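First the structure, in the form of structure tokens, and then the observations on it.
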Amino acid sequence: MPKLSIISHFYNHPEKVERQIQHWNKINPALLSSVEFILVDDCSEDVPEIAAGNINLRHFRITTDIAWNQAGARNLGAFHASGEWGLFFDIDQQLNLDTLETLLLNLDRLDKTAMYYLRIKELVDIINNVNLSNHPNTFLVNMQQFRTRGMYDEDFAGHYGYEDLYMPRVWENSGGSRVLLNDFIFFEDLGFGTTNINRNADRNNALAMEKLRAGGKNSPGILRFEWKEITIPEDATTHATTHL
């Protein structure tokens with residue numbers, strides 16, 4: 001079993017995915033048995049051809065077209081992760097491989113009931129145009145604890161925002177803690193952001209407030225969509241098994 005599952009998701013922009021995979025293949029070969037990578041395609045318009053190179057990579061594709069389905073995409077990655085720990089981040093953030101090596105050496109020292117937020121270089125909030133040191137989508141967590149404490153609430157899917165802010169509140173309500181790992185820079189933001197799309201969060205803001213007033217628990221049911229696992233052969237041709 002790998003010590004760490006590295007999980008990200010994407011929609012369109014296959015060049016960003018290819019850039020990440022090329023970067024991940026620069027990992028120290030001695031660490032390969034300790035790490036698995038999971039990519040979730042959130043119903044992109046075209047299915048990208050993905051070649052894994054030397055890394056242990058699994059590729060899943062959501063085939064139900066749901067707007068703003070980050071909650072579902074991350075749950076799908078978490079559902080299939082086999083690592084003891086999971087490292088979640090957006091596709092436009094590049095992992096510092098030297099820091100990854102340090103992290104792997106120290107995972108056994110971490111508190112399994114803590115959700116660890118990580119420092120990101122060059123991160124800017126594109127809505128408010130302010131510099132940030134960390135992002136709610138970028139965190140390290142023990143996978144058994146994450147599954148037990150509810151994962152993401154997919155009631156937020158279909159509309160923008162708040163799934164990433166509500167999830168840690170549920171985590172804390174179930175006895176977990178949140179910690180900022182501030183000693184190292186774990187990621188660099190690549191400056192890729194989408195504009196001219198509807199980011200109105202009023203609906204999900206109201207939903208989060210309603211859920212918190214009701215006790216801050218998740219609605220039952222995850223993976224409320226169809227999905228496929230895409231086999232990654234050496235020649236990058238694709239085959240799929242469908243799940244409902």
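The values are calculated or read from the model by the stated rules, or taken from the named source; none is laboratory data. Keep in mind it's a predicted model, so treat the numbers as computed, not measured. Backbone-built Cβ (ideal geometry, glycine too); neighbour counts: all protein chains shown.
Some points to look at:
- Members of the range 49-72 that are of a type in the set (Val, Ile, Thr) and touching a helix residue (DSSP H, G or I) at 6+ places or on another chain (Cβ under 8 Å): 50, 55, 62, 66
- Selection of helices (runs of 4 or more DSSP H) fully inside the range 127-244 by the criterion of at least 3 residues being loosely packed, with under 14 Cβ neighbours inside 10 Å and modelled with pLDDT of 95 or more returns 202-213.
- Search result, residues across the range 129-182 that are among the hydroxyl-bearing types (Ser, Thr, Tyr), more than 17 Å from residue 119 (Cα to Cα) and touching a Phe, Trp or Tyr at 6+ places or on another chain (Cβ under 8 Å): 160, 162, 166
- Residue in the range 13-36 that is touching a helix residue (DSSP H, G or I) at 6+ places or on another chain (Cβ under 8 Å) and modelled with pLDDT under 95 present: no
- Selection within the range 67-84: residues that are among the hydrophobic types (A, V, I, L, M, F, W, C) and surrounded by fewer than 24 Cβ atoms within 10 Å (Cβ to Cβ). The member of this set that is farthest from residue 153 (Cα to Cα) is 81.
- Contact map, the range 86-110: first residue touching a residue at least 60 places away in the same chain (Cβ under 8 Å) and more than 12 Å from residue 27 (Cβ to Cβ), second residue part of a helix (DSSP H, G or I) and aliphatic (A, V, I, L, M), Cβ cut-off under 6 Å, separation 6 or more or different chains; pairs are 86/143.
- Checking each residue in the range 48-62 for being under 14 Å from residue 9 (Cβ atoms) and in a loop (DSSP other than H, G, I, E, B) picks out 48, 50.
- Test: residue in the range 80-92 that is over 24 Å from residue 181 (Cα atoms) and modelled with pLDDT of 95 or more: yes
- Among the residues making up the range 145-204, none is aromatic (Phe, Trp, Tyr), closer than 16 Å to residue 74 by Cβ and more than 17 Å from the chain's Cα centre (by Cα).
- Among the candidates 108, 90, residue that is under 23 Å from residue 149 (Cβ atoms) and either among the aromatic types (Phe, Trp, Tyr) or part of a loop (DSSP other than H, G, I, E, B) (or both): 90
- Yes/no for residue 74 being in a helix (DSSP H, G or I) and either over 29 Å from residue 199 (Cβ atoms) or touching a residue at least 60 places away in the same chain (Cβ under 8 Å) (or both): yes
- Extreme residue, nearest to residue 158 (Cα to Cα), among residues of the range 1-47 that are part of a loop (DSSP other than H, G, I, E, B) and among the hydrophobic types (A, V, I, L, M, F, W, C): 43
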